[in-house]
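Q: Okay, here's the structure, questions in a sec.
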Amino acid sequence: MNITAPTFEWLELAPVLIVLTAAILGVVIEAAVPRAYRLVSQVGLMVVSLVAALAVLVENFVSQRSGTLVSASMVLDGPAYLAWAALLVFGLLSMLLFAERRLGNGSTAFAASAAAVPGSVSESEAAVAQHEHTEVFPLALFSLSGMLVFAAANDLLTAFVALEVMSLPLYLLSAMARRRRLLSQEAALKYFLLGALSSAFFLFGIALVYGYAGSFGFRDIATSIGAPVYGDGLLLTGMGFLAIGLLFKIGAVPFHNWVPDVYVGAPSPVTGFMAICTKFAAVMAVVRVFYVALGAERWSWQPLIAAIAVLTMVVGVVIAVAQTDIKRLLAYSSISHAGFILVAVVGASVGTAAGASSSLASIVFYLVAYGFATVASFAAVTMVRDAAGEVHSITGWSGLARRNPFLASVVALAMLSFAGIPLTGGFIGKWAVFTAAWRGGYSWLVAVAIVASVVAAYVYFKVIIAMFFGEPVAGVEVGKASGFTLVPLVVGAAATLYLGLFPGQLLDLATAVGTFLR
Amino acid sequence: MSPDNYLYLAAALFAIGTAGVMLRRNALVAFMSVELMLNAANLAMVAFASARGNLDGQVATFFVMVVAAAEVVVGLSIIITIYRTRRSTSVDAANLLKL
């Protein structure tokens, strides 16, 4: 038995390698650079590396480099290009929020010393000495590199390792909030235990599918379907386990219980990072596993995913109606968005020459529109404050438009986009997703989705009405933010509007390159 | 070689692990149960690798072991932090976040 050494496509892999190298350099900075200069060097390194990775990615795209990488364990195709570009942009925007110090009177949103017991002497000593955890940048970069690999994985083992590289730093990041530290630690524990459970399910699914196909590669799995050695039961069970692991990561019902708790407990910048980047990478992995590896078996998984899509939309929307906490509301909103995305996944429609977009193109557009609105809304969440820190109750947000009309308008724009109101990116995203499902023959699912999005609109309008027509609450202020918060806020709002007014470019691009390389 | 019996054993271990995570209240025991589930998957992969006559499954177990070790580092650090805060590792005591 021979094991051939893998080939290494350095140039194609460069975006991932740059992010990974920057993460390792970030660890070196922690050891070598004096405390006073760490934040500035970490932020500089992060921005430079992500922009460089994006530049290399664009260069690769212009030179039309594509194909399988590292002995077919990864693949660089149109969807991978789209996912990488989006992950790098959203990663950069949400990591800028990590660096905000002006809002917290000179301290970041992260604990001065995460290892110190809350309320202890060592905690207050660390706070007085103005220590801060600049390790959050390398942690987030490690997580981002895992996401990049996850979105481009072409075999199940790579997908599993990437899933863990993506998740493990996130568990730690969620435990590091400066305020409400008990909640933060509890969120991390829940996230970790449930996350580890779901990856164990994912791994067992991998083992069963490997038994069925005799290989981890997506292409080998696809060709083995229909010619089983041990019977179809192995494939169907394995597929179910894989689905559990993946659907957990995108926060689909009934695997959604961690989402609201972790969103509330984690520091808001980290929540923003998770809400966009984790979801993006996980959805791309779902699509790749189900379309490329299990595409021939889609009559078996379509009804299952359709049922989960209905549950996810309905539960996400109905529970969101009852929320009084803005972060919890955004959590249930992100659950219901996962449901809308699954609607398009179920449709599994391929693009036509007449310019009708495929399921994949509509999913990418939806995620990009959702991502920009999410960046803007989490930047806003970090800015609304009182003496005890961020104000999360929606009643605390009432009358915000009188204190700061600009911020209230940005939040309103993001909410309108979440609700799918015309002239915002969210509307085009919903439209594209619903047509993809419709043309895939799932008109009943589209009907359910439309009802769900109407109910969801109520939730978002509740926030808008509170901000514009409520009485201002005493003590709640809009903090003076530095560019680290204002840039994501403005970029998110501008892009949301742009995608609503001129959706053609991104949709055409996504349709043009949106085919998987098998 | 038929992998059937190994597969039954793997499924039994996996079921025990799942039950452990769901039912036990101690975070450490729940975490040990997750490790049991990962090793059940390892056993299934080795059995299939042997039955199929290729090395992929055996190589995969090494990756899984490394990932599991990394998971232990992260998991124990979180559990120990919680323990130092609350003097308890019971997942029932962690109830500040409501549905």
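Q: Quick check on the range A:97-117. Is at least one of its residues touching a residue at least 60 places away in the same chain (Cβ under 8 Å), within 11 Å of chain B (Cβ to nearest Cβ), polar (S, T, N, Q) and touching a Phe, Trp or Tyr at 6+ places or on another chain (Cβ under 8 Å)?
A: Restricting attention to the range A:97-117, the residues satisfying the condition of being touching a residue at least 60 places away in the same chain (Cβ under 8 Å) are A:97-104, A:107-112, A:114.
Remaining after also requiring within 11 Å of chain B (Cβ to nearest Cβ): A:111, A:114.
Of the ones still in play, those that are also polar (S, T, N, Q) are none.
Scanning the range A:97-117, I find no residue that is touching a residue at least 60 places away in the same chain (Cβ under 8 Å), within 11 Å of chain B (Cβ to nearest Cβ), polar (S, T, N, Q) and touching a Phe, Trp or Tyr at 6+ places or on another chain (Cβ under 8 Å), so the answer is no.
Q: Can you name the residue in the range A:161-189 that is open to solvent by 10 Å² or more (accessible area, probe 1.4 Å) and facing another protein chain (nearest Cβ under 7 Å) and, of all such residues, is farthest from A:Gly389 (Cα to Cα)?
A: A:Val161
Q: Right, another one. Does any residue in the range A:413-437 that is basic (Lys, Arg) come within less than 7 Å, Cβ to Cβ, of a residue that is in a helix (DSSP H, G or I) and open to solvent by 10 Å² or more (accessible area, probe 1.4 Å) six or more places away or on a different chain, and which pairs are these?
A: Sorted first by the residue in the range A:413-437, then by its partner, the pairs are A:Lys430/A:Ser453.
Q: Which of the following residues is modelled with pLDDT of 95 or more and in contact with a Cys (Cβ under 8 Å, 6 or more places away or on another chain): A:Leu163, A:Leu144, A:Leu172?
A: Exactly one residue qualifies, and that residue is A:Leu144.
Q: Residue under question is A:Leu194, and the condition is that it be surrounded by 22 or more Cβ atoms within 10 Å (Cβ to Cβ) and not hydroxyl-bearing (Ser, Thr, Tyr); does it hold?
A: no
Q: A further question follows. Using beta carbons and a limit of 7 Å, which pairs, at least six apart or on different chains, have the first residue in the range A:211-236 and in contact (Cβ under 8 Å) with a residue 60 or more places away in the chain and away from chain B (no Cβ under 11 Å) and the second one buried (at least 21 other Cβ atoms within 10 Å of the Cβ) and of a type in the set (Asp, Glu)?
A: Here the result reads A:Phe218/A:Asp155, each pair linking the range A:211-236 to a residue that is buried (at least 21 other Cβ atoms within 10 Å of the Cβ) and of a type in the set (Asp, Glu).
Q: Quick check: is even one residue across the range A:118-130 under 20 Å from the mean Cα position of the chain (by Cα), within 14 Å of chain B (Cβ to nearest Cβ), among the hydrophobic types (A, V, I, L, M, F, W, C) and farther than 30 Å from A:Ala512 by Cβ?
A: Scanning the range A:118-130, I find no residue that is under 20 Å from the mean Cα position of the chain (by Cα), within 14 Å of chain B (Cβ to nearest Cβ), among the hydrophobic types (A, V, I, L, M, F, W, C) and farther than 30 Å from A:Ala512 by Cβ, so the answer is no.
Q: Still on this structure, I have one more. Which of the following residues is over 30 Å from B:Ser88 (Cβ atoms), at pLDDT 85 or above and not acidic (Asp, Glu): A:Thr134, A:Thr108?
A: The match here is A:Thr134.
Q: Would you check which residues across the range A:93-102 are of a type in the set (S, T, N, Q) and surrounded by fewer than 23 Cβ atoms within 10 Å (Cβ to Cβ) and list them?
A: Those that are of a type in the set (S, T, N, Q) and surrounded by fewer than 23 Cβ atoms within 10 Å (Cβ to Cβ): none in the range A:93-102.
Q: Test A:Phe484 against the criterion of being within 23 Å of A:His392 (Cβ to Cβ), buried (at least 20 other Cβ atoms within 10 Å of the Cβ) and either among the aromatic types (Phe, Trp, Tyr) or without any contact (Cβ under 8 Å) to a residue 60 or more places away in the chain (or both), and give yes or no.
A: Against the criterion (within 23 Å of A:His392 (Cβ to Cβ), buried (at least 20 other Cβ atoms within 10 Å of the Cβ) and either among the aromatic types (Phe, Trp, Tyr) or without any contact (Cβ under 8 Å) to a residue 60 or more places away in the chain (or both)), A:Phe484 qualifies.
Q: If you don't mind, there's one more thing I want to ask. Select, from A:Ala494, A:Ala457, A:Ala449, the only residue that is crowded, with 21+ Cβ neighbours inside 10 Å and of a type in the set (Gly, Ala, Ser).
A: Result: A:Ala449 is the single residue among A:Ala494, A:Ala457, A:Ala449 that is crowded, with 21+ Cβ neighbours inside 10 Å and of a type in the set (Gly, Ala, Ser).
Q: Further question on the same structure: Search the range A:108-154 for residues being part of a loop (DSSP other than H, G, I, E, B) and in contact with a strand residue (DSSP E or B) (Cβ under 6 Å, 6 or more places away or on another chain), and hand back the single one that is nearest to A:Gly389 (Cα to Cα).
A: Restricting to residues being part of a loop (DSSP other than H, G, I, E, B) and in contact with a strand residue (DSSP E or B) (Cβ under 6 Å, 6 or more places away or on another chain), the top hit is A:His133.
Q: On the basis of being closer than 21 Å to A:Ala266 by Cα and either free of Cβ contacts under 8 Å to residues at least 60 places away in the same chain or not acidic (Asp, Glu) (or both), does A:Arg403 make the cut?
A: No; evaluated as a whole, the condition is false for this residue.
Q: Let me ask another. Taking the conditions exactly as written (more than 7 Å from chain B (Cβ to nearest Cβ), over 25 Å from B:Arg25 (Cβ atoms) and open to solvent by 40 Å² or more (accessible area, probe 1.4 Å)), does A:Leu242 satisfy them or not? Walk me through it before giving the result.
A: Details: more than 7 Å from chain B (Cβ to nearest Cβ): yes; over 25 Å from B:Arg25 (Cβ atoms): yes; open to solvent by 40 Å² or more (accessible area, probe 1.4 Å): no.
For A:Leu242, the condition - more than 7 Å from chain B (Cβ to nearest Cβ), over 25 Å from B:Arg25 (Cβ atoms) and open to solvent by 40 Å² or more (accessible area, probe 1.4 Å) - is not met.
Q: Still on this model: Go through (1) touching a residue at least 12 places away in the same chain (Cβ under 8 Å); (2) within 23 Å of the chain's Cα centre (by Cα) for A:Gln505 and report which single condition fails.
A: (1)
Q: Follow-up question, since we're still on this one. In the range A:57-92, how many residues are on the phi < 0 side of the Ramachandran plot, open to solvent by 40 Å² or more (accessible area, probe 1.4 Å) and small (Gly, Ala, Ser)?
A: Residues in the range A:57-92 being on the phi < 0 side of the Ramachandran plot, open to solvent by 40 Å² or more (accessible area, probe 1.4 Å) and small (Gly, Ala, Ser): 2 in total.
Q: Please enumerate the residues belonging to the range B:20-35 that are more than 9 Å from chain A (Cβ to nearest Cβ), without any contact (Cβ under 8 Å) to a residue 24 or more places away in the chain and either open to solvent by 40 Å² or more (accessible area, probe 1.4 Å) or within 17 Å of A:Ala213 (Cα to Cα) (or both).
A: B:Leu23, B:Arg24, B:Met32
Q: Hey, among A:Ala86, A:Ala126, which residue is at pLDDT below 95 and of a type in the set (A, V, I, L, M, F, W, C)?
A: Step by step, each of A:Ala86, A:Ala126 is checked, and only A:Ala126 is at pLDDT below 95 and of a type in the set (A, V, I, L, M, F, W, C).
Q: Within the range A:428-446, can you find the residues that are among the aromatic types (Phe, Trp, Tyr) and open to solvent by 60 Å² or more (accessible area, probe 1.4 Å)?
A: A:Trp431, A:Trp438, A:Trp444
Q: If we keep just the residues of the range B:48-59 that are in a helix (DSSP H, G or I) and open to solvent by 10 Å² or more (accessible area, probe 1.4 Å), which is modelled with the lowest pLDDT? Break it down into steps so the answer makes sense when it comes.
A: So the first thing to find is which residues in the range B:48-59 are in a helix (DSSP H, G or I), and the list is B:48-52, B:56-59.
Right, trim to open to solvent by 10 Å² or more (accessible area, probe 1.4 Å) and you get B:50-52, B:56, B:58-59.
Working: B:Ser50: 92, B:Ala51: 91, B:Arg52: 88, B:Asp56: 91, B:Gln58: 94, B:Val59: 92.
Across the range B:48-59, the extreme among qualifying residues is B:Arg52.
Q: If we keep just the residues of the range A:282-332 that are touching a strand residue (DSSP E or B) at 6+ places or on another chain (Cβ under 9 Å) and among the charged types (D, E, K, R), which is nearest to A:Leu235 (Cα to Cα)?
A: Ranking the qualifying residues of the range A:282-332, first place goes to A:Arg288.
Q: Quick one: count up the residues across the range A:277-306 that are aliphatic (A, V, I, L, M), over 22 Å from A:Phe434 (Cβ atoms) and part of a helix (DSSP H, G or I).
A: Selection size over the range A:277-306: 6.
Q: With respect to the numbered conditions (1) crowded, with 17+ Cβ neighbours inside 10 Å; (2) part of a loop (DSSP other than H, G, I, E, B), which one is the sole condition not fulfilled by A:Asn105?
A: Of the numbered conditions (1) crowded, with 17+ Cβ neighbours inside 10 Å; (2) part of a loop (DSSP other than H, G, I, E, B), the odd one out for A:Asn105 is (1).
Q: While we're looking at this one, here's another question. For the range B:60-75, what are the residues that are closer than 19 Å to A:Tyr210 by Cα, surrounded by 15 or more Cβ atoms within 10 Å (Cβ to Cβ) and more than 7 Å from chain A (Cβ to nearest Cβ)?
A: Hit for the range B:60-75 is B:Thr61, nothing else.
Q: Let me ask something else. Does A:Val19 count as of a type in the set (Val, Ile, Thr) and crowded, with 23+ Cβ neighbours inside 10 Å? Spell out how you get there, then give the answer.
A: Numbers: of a type in the set (Val, Ile, Thr): yes; crowded, with 23+ Cβ neighbours inside 10 Å: yes.
It is true that A:Val19 is of a type in the set (Val, Ile, Thr) and crowded, with 23+ Cβ neighbours inside 10 Å.
Q: Could you list all residues from the range A:116-143 that are open to solvent by 60 Å² or more (accessible area, probe 1.4 Å) and of a type in the set (A, V, I, L, M)?
A: A:Val121, A:Val128
Q: Got at least one residue in the range A:366-387 being acidic (Asp, Glu) and buried (at least 20 other Cβ atoms within 10 Å of the Cβ)?
A: Within the range A:366-387, the first condition is being acidic (Asp, Glu), and the residues that meet it are A:386.
Next cut, buried (at least 20 other Cβ atoms within 10 Å of the Cβ) only: none.
Looking through the range A:366-387, none of the residues is acidic (Asp, Glu) and buried (at least 20 other Cβ atoms within 10 Å of the Cβ).
Q: State which residue is surrounded by the most Cβ atoms within 10 Å (Cβ to Cβ) when the search covers only the range A:252-274 and only residues that are assigned to a helix (DSSP H, G or I) and out of contact with any Phe, Trp or Tyr (no Cβ under 7 Å at 6 or more places or on another chain).
A: A:Val270
The values are calculated or read from the model by the stated rules, or taken from the named source; none is laboratory data. Remember, predicted model here, so these are calculated numbers, not experimental data. Here Cβ is always computed from backbone atoms with ideal geometry, including for glycine, and neighbour counts include all displayed protein chains. Just so you know, the surface numbers come from the protein's heavy atoms only, side chains and all, with ligands and any DNA or RNA stripped out. Shrake-Rupley method; radii C 1.70, N 1.55, O 1.52, S 1.80 Å.
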